[in-house]
1. Identify all lysines with a Cα-Cα distance to Lys56 below 19 Å; exclude those on the same chain that are fewer than 8 residues away in sequence.
2. Work out the FRET efficiency for Val143 and Met1 from their Cβ-Cβ distance, taking R0 = 41 Å, and round it to the nearest 0.05.
3. Suppose each label sits 7 Å from its Cα in the direction of the beta carbon; what would the Leu8-Val200 distance come out to in nanometres?
4. Here are several values of semi-axes √(5λ) of the Cα gyration tensor in Å: [x] 26, 19, 15; [y] 33, 21, 14; [z] 26, 24, 17. Which one was derived from the coordinates shown?
5. With every protein chain left in place, what is the accessible area per residue of the chain in square angstrom, probe 1.4 Å?
6. First measure r as the distance between the Cβ atoms of Phe192 and Leu46, then evaluate 1/(1 + (r/R0)^6) with R0 = 35 Å and state the FRET efficiency to the nearest 0.05.
7. What full-extension length gain, to one decimal in nm, is calculated for Thr21 and Thr89 as 0.36 nm per residue of separation minus the Cα-Cα distance?
8. Filter the chain for me: DSSP H helices, axial length by Cα at least 18 angstrom, mean Kyte-Doolittle hydropathy not below 0.5. List them by residue number.
Amino acid sequence: MTRRQILLALLPPLFFGTGFTIAKPAVSHFPPLFLILICYGSIAVLMGLTQRERLKTPWPSIMLIAAFSVTIQGALLFWAIRSPEMPATAANLILQIQIPFAVLLGWLLMNERPDGRRMLGTALAILGVALVIGLPETPPGLVPTVMIIVSALCWSLGQVLVRRLGKDNGVGVLKGNAIGSLPQLALATLLFEHGQWQSV
């Protein structure tokens with residue numbers, strides 16, 4: 001790998017970790033679903049202005065993928081992070097269980113047989129999550145931990161659905177997720193949350 005490729009590979013986890021650090025105080029101020037709506041609404045506007053190519057994935061598939069990859073996953077994750085029993089660092093580490101879930105679902109739904117390297121990576125991810133949950137003097141709360149694990153499962157299912165049903169490239173998937181999740185998030189925040197405009 002070149003230095004540029006190594007740098008590009010390091011940037012996503014850097015941004016992801018930074019986002020988690022910011023998310024903790026953000027979800028303490030904004031209702032979680034409303035915050036996700038703001039985030040993906042901004043992405044949808046940006047994608048609409050810069051990516052004019054028409055999406056190839058059928059809309060029912062886009063809505064299904066967005067439901068698991070964004071709406072359900074994001075709701076469970078942000079509600080869990082909002083809990084005082086869940087530190088942002090622990091949430092970030094527990095969420096890595098999505099790697100084993102992705103391998104397992106890829107095997108079950110896509111017939112992608114895991115090789116030795118994937119099995120080793122899966123075992124390390126599970127061990128890491130077990131250590132985070134079990135070893136600290138004050139382990140994270142059970143309910144938010146379960147919410148993050150289910151959130152990771154939903155995200156992994158969403159990624160498998162992208163490979164199975166998606167017809168677009170990576171940018172198209174992001175655009176589809178952003179646009180497809182907007183009506184879902186808008187309805188969910190209206191039904192389950194309050195104080196949106198006051199938080200603004």
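The values are calculated or read from the model by the stated rules, or taken from the named source; none is laboratory data. This one's a predicted model, so the numbers in the text were calculated from it and none came from an experiment. No Cβ is skipped: glycine too gets one built from the backbone with ideal geometry, and neighbour counts run over all protein chains shown. Areas reflect the complete protein model, heavy atoms only, side chains present, ligands, DNA and RNA absent. Shrake-Rupley method; radii C 1.70, N 1.55, O 1.52, S 1.80 Å.
1. Hits, sequence-local ones excluded: Lys167, Lys175.
2. For R0 = 41 Å, the calculated efficiency reads 0.50.
3. Going from the Leu8 label point to the Val200 one covers 3.8 nm.
4. [z]
5. Using a 1.4 Å probe on heavy atoms only, each residue of the chain averages 59 Å².
6. 0.85
7. 23.7 nm
8. Working: long enough: 3-29 (39 Å, 0.69); 32-50 (27 Å, 2.13); 116-134 (27 Å, 1.51); 142-165 (34 Å, 1.56); 170-192 (31 Å, 1.23).
In the chain, the long hydrophobic H runs are 3-29, 32-50, 116-134, 142-165, 170-192.
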